[in-house]
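One structure is given here, and the rest of the page talks about it.
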Amino acid sequence: MAKRKIVQYGDDTLRRVCRPVETITPSILTLLDDMAETMHAADGVGLAAPQVGVLRRIAIVEVEQGQLIELINPKIIARAGEQEGSEGCLSLPNQYGMVKRPMHVTVRATDRHGKEFEMSGSELLARAFCHEIDHLDGKLFVDFAEYMEEVE
Ligand code: ZN
């Protein structure tokens, strides 16, 4: 595993639409491992492939320590309710914004073994799913934030 450099806000890479993964190759598995290491080192709860410069539909989420969720070609297939809360991003260090998200979402994705699965999440997990999947379409939370603040 290797830590990768996190692409920072302002880089055009973060605005591109990512391509789906068609075959889970060894390099995709290495990417997943590297993303986990990179996210852990940065103390984040989610990371999307474009944030390490790879324009593929891959994201990871870990809102509870030790419960890493790997998402290949994820799609939100259901959403319900609403929550408003402070959100941040490893591509915008120290920047936070108030963002409205669904309270509950269900995601359909493929795992590293090529198996499709569905997972539902609420609160922070729902927020993380939305945030990371947005990255795969070149969308950033600053696009929806009601206001931004800088916290050191
Ligand atoms: Zn982000």
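The values are calculated or read from the model by the stated rules, or taken from the named source; none is laboratory data. Source: prediction; values computed, not measured. For neighbour counting, all protein chains shown are included, and Cβ atoms are generated from backbone atoms with ideal geometry for every residue, glycine included. In case anyone asks, the SASA skips ligands and DNA or RNA and just uses the protein heavy atoms, side chains included. Shrake-Rupley method; radii C 1.70, N 1.55, O 1.52, S 1.80 Å.
Computed values, structure above
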item	result
Cβ-placed point charges (K, R +1; D, E -1), dipole of the chain about Cα centre in debye, nearest 20	640
Rounded to 5, percent antiparallel among DSSP beta bridges of the chain	95
Accessible area in square angstrom per residue, the range 12-150, 1.4 angstrom probe	49
Exposure ranking of Phe117, Phe129, Phe144 by accessible area [1.4 Å probe, largest first]	Phe144, Phe117, Phe129
In the chain, lysine pairs with alpha-carbon atoms under 19 angstrom apart (chain gap of 8 or more, or interchain)	4
Cubic angstrom per residue, convex hull over Cα atoms of the chain	103
Extreme residue, positive dipole direction of the chain, given options Leu29, Gly88, Pro102 (C-beta unit charges)	Leu29
Over the chain: helical MRE at 222 nm, DSSP H runs n ≥ 4 each giving -39500 (n - 2.57), nearest 500	-6500 deg cm²/dmol
Length-normalised contact order for the chain - Cα pairs under 8 Å, 6+ apart - percent	25
